[in-house]
1. How much net charge surrounds Ala529 when only the other residues with a Cβ under 9 Å from the Cβ of Ala529 are counted, with Lys and Arg +1 and Asp and Glu -1?
2. Over 23 Å between Cα atoms, which of Lys287/Lys309; Lys97/Lys158; Lys50/Lys544; Lys33/Lys399; Lys287/Lys350 qualify?
3. I need the calculated FRET efficiency for the pair Asn494 and Ala424, taking r as the beta carbon distance and R₀ as 56 Å, to the nearest 0.05.
4. Could you put Glu209, Glu384 in order of accessible surface area, largest first, with the 1.4 Å probe and the full protein assembly present?
5. Which length gain, in nm to one decimal place, applies between Ile557 and Asn5 when the Cα-Cα distance is subtracted from 0.36 nm times their residue separation?
6. Identify the trypsin sites (Lys or Arg not before Pro) of region 53-138 meeting these criteria: DSSP loop state and at most 15 other C-beta atoms within 10 Å of the C-beta.
7. When only Cα pairs under 8 Å and 6 or more residues apart are kept, what is the percent relative contact order across the chain?
8. How would Cys469, Cys73, Cys390 line up by accessible area, probe 1.4 Å, largest first?
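The values are calculated or read from the model by the stated rules, or taken from the named source; none is laboratory data. Quick caveat: nothing in here was measured; it's all calculated off a predicted structure. With ideal geometry, Cβ positions are generated from the backbone for all residues, glycine too; neighbour counts draw on all protein chains shown. SASA here: full protein model, heavy atoms, side chains in, ligands and nucleic acids out. Shrake-Rupley method; radii C 1.70, N 1.55, O 1.52, S 1.80 Å.
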Amino acid sequence: MKLKNSFFYTLRQPPKDEESDSAILLTRAGYIKKTSAGDYMFMPLGHKVKRNIENIIREEMDAIDSQELVMPCLLPEEVYISSGRRANFGNSMFSLKDRSGKQMVLGPTHEELFAIAASMKINSYKDFPLSLYQIQTKFRDEARPRFGLIRVKEFVMKDAYTFDKDLQGLDESYSKMFNAYHRIFQRLHVNYKVVRADTGVMGGLLSEEFQAISPIGEDTLVLCDKCDFSSNIEITQHVIEQEDDSTPLPLQLVETVGLKTIEEVCQYLNLPLSKAVKALLMNVDGKLVVFFIRGDRELNETKALKLLKAMEINFANDQLIATSNAVSGFTGPIGLNATIVIDQQVLHMKNFVVGANKENYHYINANVSDFKYDIVGDIVNVKENDICPCCGGKLYFTKGIEVGNTFKLGTKYSQAMNLNYQDASGKLQPVYMGSYGIGVGRVMAAIAQQSHDENGLIWPINIAPYKVCIVIANTKDETQNELALKIYDQLQQNNIEPLLDDRDERVGVKFKDMELIGIPIRITVGRDAVDGNVEFILRTEKEKQLLSSQQAIEKVIELAKQQ
């Protein structure tokens with residue numbers, strides 16, 4: 001592409017409404033343009049990068065015999081009602097009515113539709129395995145869109161689905177897709193980790209996430225310093241180190257005037273937070289539930305919801321708290337008339353501090369034998385240096401951007417959608433399904449987040465919108481123009497689409513633009529053009545080389561083969 005008469009622009013100043021490096025750079029470099037919170041245009045350069053990512057995904061999907069199709073974005077709401085997921089999505093699902101008054105939604109994900117599609121083929125045990133995928137737009141009304149393309153309301157996803165006759169078949173299909181995902185992210189040059197995760201609204205037997213390592217990631221990844229354990233913090237098991245073998249002491253009521261936080265109480269009593277049990281008064285599906293955890297721990301809401309088989313958890317308001325004898329800031333389990341859930345670690349504690357359900361009072365030397373509870377379970381987040389549940393090593397954290405996920409759905413959706421087949425004896429059996437997603441825009445943002453410097457983006461050569469840019473130092477010099485066009489034509493003849501910067505700009509401006517947009521190779525046609533020579537430099541290097549035009553062309557062709 002020749003820049004002089006093309007749609008090309010860059011911004012010198014960073015946008016004021018973006019907070020991540022990737023969003024700032026992609027906006028400044030003219031790849032994306034925000035239209036509203038969580039909604040973006042893909043400009044020509046951005047569209048080319050997005051298409052390059054999609055092509056790599058397609059190649060790997062096709063290689064494992066997954067067939068591509070396209071589902072509609074606009075769907076009847078009844079599809080999600082029939083599977084029992086409409087309530088799960090809640091306000092995150094965009095809904096509308098057509099002119100006849102029928103309730104419609106914009107699809108946030110397509111498990112139900114793929115089950116319907118598969119039913120057109122699947123009748124017998126002889127019809128397996130089957131694998132389908134699409135690359136298509138999804139919609140979710142995110143409460144807090146942020147970080148550019150990382151959390152948005154409209155996004156492109158590659159979602160694939162496998163269909164098998166039994167769990168063994170699902171395991172085999174899952175393994176093929178899982179390995180294909182590894183190849184995809186390796187080809188995309190993403191620095192990633194695979195972690196176990198919560199199945200969430202998807203449900204099913206297993207969920208694993210491909211997480212791009214990044215300090216702005218919204219997910220906390222838990223890793224071990226001795227083994228290959230990896231997990232999302234939302235499901236990581238908390239291993240109790242040791243049990244307190246202290247002798248129980250007599251329960252004692254103490255005055256704690258005005259001390260409402262557990263930190264203030266422990267400081268006043270000269271005790272560590274680990275010797276206190278704090279209360280969290282929560283609204284769980286409209287009912288008051290009081291969770292009790294050790295003072296230095298945090299409630300894990302995902303674990304809590306799983307334990308209670310509940311849908312939604314929020315802090316309780318005053319009206320809900322008033323249905324019990326709890327006293328905000330002084331709530332404890334002794335004599336509390338509410339549903340009580342305690343963390344498993346509390347069972348191993350002795351002589352701890354708790355609220356007394358009385359204004360300005362706490363108990364010291366409380367023990368589990370002093371109160372009754374309804375449910376006990378692992379309901380807290382692990383902390384760094386906790387024990388690894390696999391090998392006993394020490395846990396540590398990093399942050400990640402979820403760019404892909406894989407689910408073993410089992411028969412959840414096939415049973416809901418009546419997707420069955422006849423086995424060898426003629427009996428109807430439910431189909432085993434797998435679901436696999438990659439967020440295309442998220443991948444693009446993750447690569448930009450991981451691969452940039454103070455001058456701009458640094459695209460891998462197989463993802464970049466153009467592999468090479470040819471910069472004419474002085475467009476008024478005919479010798480430079482002629483040599484640049486010769487190189488441009490020869491690269492095109494070798495199926496390499498170059499970018500020709502033939503703009504009437506200062507050469508320094510051109511260099512800054514090419515660095516900002518992250519083109520991997522730059523060929524500068526300048527004063528040495530009279531001798532048929534050019535300046536050759538890679539975006540990742542500082543040293544320039546003086547090469548003949550033919551040597552430069554050959555080097556570009558060689559580098560372009562690196563996929």
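1. Charge balance in the 9 Å sphere: -3.
2. Violating the 23 Å Cα-Cα cut-off are Lys97/Lys158; Lys50/Lys544; Lys33/Lys399; Lys287/Lys350.
3. 0.55
4. Glu384, Glu209
5. Gain on stretching Ile557 to Asn5: 196.1 nm.
6. Answer in residue order: Arg99, Lys102, Lys121.
7. 17 percent
8. Output order, biggest surface exposure first: Cys390, Cys73, Cys469.
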